[in-house]
Amino acid sequence: MTTIRRSRMGSFASAAMIRRDVAELIRPPRRIRASEAAADVMKVVGGDGTVRDWSPDATPYMTEPLDCMGSRRYDAVIFVGPARTGKTNALVDGYVAYKIECDPGDGLIVQISEDKAREFSKKRIDRMLAYSPKLNARLSPRGHDNNVHDKTFRAGNYLGIKWPSKNVLASSDYQFVLITDYDRIEDDVDGEGSAFLMGSKRTQTFGSTGMTLAESSPGRLITNEDWRQPDGEPHMAPPTSGILDLYNQGDRRRWFWQCPQSSCRRWFMPVLETFNLGSAVAFCPHCSVEIDPREKRALNLNGRWVPEGQSLTVDGELIGTPRKTRIASFWMEGPAAAFQTWRSLADKLARAEETYQLTDSQQSLQTVINTDWGRPYKFRRATTQRSSQRLLDRAEQIEHRTVPAGVRFLTASVDVQGGRIAASSCRFTDGGRIARPGWSTASTSRKTAGRTMIARRVRSARQRSLRIGTC
Ligand SMILES: [Zn+2]
């Protein structure tokens, strides 16, 4: 009889438990920076079972993006960077820890597949919750509230760990949606649009407290091979779909280091262009001084994010006007990654280049450029294939309506459009050189344009007048 009574009593909550649960429900948000909260409550469990505090000093470039996620000034944060930067640990695990501890709300983590969601839940979220005492105390004690893909907390907030599909992304509202490995998710999820657009719709209901994150290394090809960096937009990424397209829509912050040379002290981006692949060291593009790999940590600790339109003075003052947008976007490259050595970066690229030379396959090259260097890949065309820009680059300026020496024959063409006729000529020389088009004209009458063409005369290098006829 006693046993039965005890088990019945066990199924009811104690007054103390109820008081604690109710206190959780009415707990006001803690107003501290997201990075401070993560440092305060989050433990990081290594693959070897070691447990340590999460420290912003290990990956100093993550503090600002994480704090932007906790700010009401932004609706979304976009982070583009190579592997081994600690980006998922800071922006997904760290932000979840901040929300559980300081500002409870329903959230969704989107992994690239169901398998990856399960793995992420067991290896990252479960371990973080188990080894972080303050977070563990927030977890609902009821066993049925928590399984692999769903976590519920004492304050009533819910965390889903799922994958991109119409069912997941097109129904419930969440205060935050965190999308990882964005460029490994297809552009169009179940015919409903991009994962980012669908995710940001889910957070819209929450107004300025909603947050959508997309983080990834670039994984899409550059769509316009002839693209050149526009004047006045040095932080713009080349045209691609996916994460770099989202980055371009934001305020385009790039990571800068200050040259350690006391006579220089100017700021530069640690990227492929400022990296000597031969000696595997970064260098300052202003004074050309090569940087000792041991200085990387100190340079990162002193590093700064600089938005498009702004620059840093040698005294570290940010000047200029940033783009006005509610998307904070960040892009950093391989040389600044905390957990990747410069020697390994250079070696991986050299090996991928060797594979390309031997096999003509660009797969390894693309993987290294994307995931180790954090850059979009520009497909290398065989030299026999031409791009319009490469042809234009070969154009030579010559005196109008003359035929330069070496020209073997001329062509003239007329393109008949709806209400317009365009005419041009090309001169072909020995060695396949192509001269710039000689002229163009527009007319509403086909007859007039034809007569204009026929009446054109050009002078050869020997000053002979030549007439172009029709054929
Ligand atoms: Zn310098």
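The values are calculated or read from the model by the stated rules, or taken from the named source; none is laboratory data. All values derive from a computational prediction rather than experimental measurement. Cβ sites come from the backbone with ideal geometry, for glycine too, and all protein chains shown count toward neighbours.
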With respect to Pro238, determine if the residue is surrounded by fewer than 18 Cβ atoms within 10 Å (Cβ to Cβ), at pLDDT 95 or above and either in a helix (DSSP H, G or I) or not hydroxyl-bearing (Ser, Thr, Tyr) (or both).
no
Scanning segment 40-55 residue by residue, those of a type outside the set (Lys, Arg) and either surrounded by fewer than 20 Cβ atoms within 10 Å (Cβ to Cβ) or farther than 22 Å from Ile125 by Cα (or both) turn out to be Asp40, Val45, Gly46, Gly47, Asp48, Gly49, Thr50, Val51, Asp53, Ser55
Within segment 274-311, restricting attention to residues that are charged (D, E, K, R) and without any contact (Cβ under 8 Å) to a residue 12 or more places away in the chain, which residue is nearest to Thr63 (Cα to Cα)?
Arg294
From the set of residues in segment 281-290 that are touching a helix residue (DSSP H, G or I) at 6+ places or on another chain (Cβ under 7 Å) and more than 9 Å from the ligand (Cβ to nearest atom), which is farthest from Glu317 (Cα to Cα)?
Val281
Just to be sure, is Pro239 under 27 Å from Ile327 (Cβ atoms), more than 16 Å from the ligand (Cβ to nearest atom) and free of Cβ contacts under 8 Å to residues at least 60 places away in the same chain?
yes
Subset of segment 210-227 [closer than 28 Å to Asn89 by Cβ and either touching an Asp or Glu at 6+ places or on another chain (Cβ under 8 Å) or acidic (Asp, Glu) (or both)]
Gly210, Met211, Thr212, Glu215, Ser216, Ser217, Pro218, Gly219, Arg220
From Leu299, Leu318, which residue is within 16 Å of the ligand (Cβ to nearest atom), outside the structural domain of Ala346 (by TED's automatic domain parsing) and of a type in the set (A, V, I, L, M, F, W, C)?
Leu299
Conditions: (1) part of a helix (DSSP H, G or I); (2) touching a strand residue (DSSP E or B) at 6+ places or on another chain (Cβ under 8 Å); (3) closer than 24 Å to Ser172 by Cβ. His144 meets all but one. Number of the miss?
(2)
Assigned by TED's automatic domain parsing to the domain that holds Arg184, within 16 Å of the ligand (Cβ to nearest atom) and within 19 Å of the chain's Cα centre (by Cα): does that describe Arg326?
no
Please verify whether segment 171-187 includes one or more residues that are among the aliphatic types (A, V, I, L, M), in the same structural domain as Met128 (by TED's automatic domain parsing) and either surrounded by fewer than 23 Cβ atoms within 10 Å (Cβ to Cβ) or in a helix (DSSP H, G or I) (or both).
no
Conditions first: (1) at pLDDT 95 or above; (2) away from the ligand (no atom under 16 Å from the Cβ); (3) surrounded by fewer than 16 Cβ atoms within 10 Å (Cβ to Cβ). Gln204 passes all but one, so which condition is the exception?
(1)
Quick one: is Arg265 among the basic types (Lys, Arg), over 16 Å from the mean Cα position of the chain (by Cα), surrounded by fewer than 20 Cβ atoms within 10 Å (Cβ to Cβ) and not assigned by TED's automatic domain parsing to the domain that holds Ser121?
no
Residue count, segment 147-166 (criterion: touching a strand residue (DSSP E or B) at 6+ places or on another chain (Cβ under 6 Å) and in a loop (DSSP other than H, G, I, E, B))
2
Quick check, is Gly191 free of Cβ contacts under 8 Å to residues at least 60 places away in the same chain, in contact with a helix residue (DSSP H, G or I) (Cβ under 8 Å, 6 or more places away or on another chain) and small (Gly, Ala, Ser)?
yes
Would a scan of segment 65-73 turn up a residue that is closer than 30 Å to Ser344 by Cα and of a type in the set (A, V, I, L, M, F, W, C)?
yes
Filter result (more than 14 Å from the ligand (Cβ to nearest atom) and in a loop (DSSP other than H, G, I, E, B)) within segment 243-280
Gly250, Asp251, Arg252, Val271, Leu277, Gly278, Ser279, Ala280
How many residues, within segment 148-199, are under 30 Å from Lys134 (Cβ atoms) and polar (S, T, N, Q)?
5
